[in-house]
1. Which of the residues that make up segment 164-223 are within 14 Å of ILE17 (Cα to Cα) and in contact with a Lys or Arg (Cβ under 9 Å, 6 or more places away or on another chain)?
2. Of the residues that sit in segment 122-156 and are open to solvent by 60 Å² or more (accessible area, probe 1.4 Å) and either touching a Gly at 6+ places or on another chain (Cβ under 8 Å) or polar (S, T, N, Q) (or both), which one is nearest to LEU237 (Cα to Cα)?
3. Please find, among ALA194, ALA200, the residue that is closer than 20 Å to ASN36 by Cα, in a helix (DSSP H, G or I) and in contact with a His (Cβ under 9 Å, 6 or more places away or on another chain).
4. For LEU77, state whether it is surrounded by fewer than 20 Cβ atoms within 10 Å (Cβ to Cβ), part of a helix (DSSP H, G or I) and over 20 Å from the mean Cα position of the chain (by Cα).
5. Take the residues in segment 157-192 that are at pLDDT 90 or above and among the aromatic types (Phe, Trp, Tyr); name whichever of them is most open to solvent (accessible area, probe 1.4 Å).
6. Quick check on segment 247-254. Is at least one of its residues within 23 Å of ALA31 (Cα to Cα) and not basic (Lys, Arg)?
7. Out of the residues in segment 33-58 meeting the condition of being outside any helix (DSSP H, G or I) and open to solvent by 10 Å² or more (accessible area, probe 1.4 Å), tell me which one is nearest to LEU74 (Cα to Cα).
Amino acid sequence: MDAFLNQAFAGLSMASILLMVALGLAIIYGAMGVINLAHGEFVMLGAYSAWLLQTYLGLGILVALPVVFLMVALVGLLVERGVVRWLYHRPLDTILATWGVAILLQQMVRSVIGPESRYVAGPSILDGNLVLGGVVMSNYRIFLIFFSLAVVAATWFLLKRSEFGTKLRAVIQNKEISECYGIRADRVYALAFAYGAGLAGMAGALITPLVSVTPTMGTYLVVDAFLVVIVGGVGSLLGTVAAAGLVGEATAMFSMLMNDTIGRIAVLLAIIFLIRFKPMGLFPDKVRR
């Protein structure tokens, strides 16, 4: 039982990182219909940004988070303005273009920083563990869980209670009529894309104490993030939260019972089975487009 509970906690902390990555992807894919294959590279840029800020400026992860968010959001804004904005309503072209952007970003990091693995120290204030019975919970992983929930709450407020969120929902429902009322749809799209990229960058920075930083680290996360968005329901904030928890916990449990490879295969088969009966996801978006 102790081993089961420890693995459940590990799955929950994994789900918290996956949630932040998928949240940005859900905004970009759900609101704008863009299949962004470069989203994993935004995670990677966030990780390298955290490494650079810690190595050369001495900034810890917690202090560097706002800077990382802004840096990666700026990159996302440049990608949207330079590439994606010309390819709306052309999904195949968008897939190819963002795939090219992903390769470009990876090669730029390899050329400028190098292909070697980098390591980032976790915040000293969160060193140690919390022990409850036989369950050993890392303080840093506990922080990740609560921080991801805070990000979800902030995103909900942005989308549901702010002027920007109102404009974004209007553009999603009818872009042409929204523009007739003076809403700059292109600006709304650009800011939404930048926000989603910034969330991915923060997720990349937060995961650095747990994994090594490499140019390809985001490739594996973005696959799981797409699975979360599809299972939860495209454009559904609640669905993204629920699906991130399910995928994270299922991956952890199957990996404990079998091994990592077979565990991932089992999760994929379970998702295929779920999509067969719930093709729109667990919580499909009911917004008319």
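The values are calculated or read from the model by the stated rules, or taken from the named source; none is laboratory data. Here the structure is a predicted model, which is why all the values come from computation and not from measurement. Positions of Cβ are backbone-derived with ideal geometry, glycine not excepted, and every protein chain shown enters the neighbour counts. Surface areas here come from the heavy atoms of the whole protein model, side chains and all, with no ligands, DNA or RNA. Shrake-Rupley method; radii C 1.70, N 1.55, O 1.52, S 1.80 Å.
1. Within segment 164-223, THR208, LEU210 meet the criteria.
2. For segment 122-156, the residue satisfying everything is ASN129.
3. Answer to the check: ALA200.
4. Considered against the rule, which asks whether it is surrounded by fewer than 20 Cβ atoms within 10 Å (Cβ to Cβ), part of a helix (DSSP H, G or I) and over 20 Å from the mean Cα position of the chain (by Cα), LEU77 comes out as no.
5. Residue satisfying both the conditions and the ranking: PHE157.
6. Yes, the conditions are met somewhere in segment 247-254.
7. So the residue we want is LEU37.
So that you can scan it fast, the table gives a plain yes or no per residue for (1) in a helix (DSSP H, G or I); (2) farther than 20 Å from ARG85 by Cβ; (3) among the polar types (S, T, N, Q):
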| residue | (1), (2), (3) |
| --- | --- |
| ILE142 | yes, yes, no |
| LEU158 | yes, yes, no |
| VAL171 | yes, no, no |
| GLU179 | yes, no, no |
| ILE183 | no, no, no |
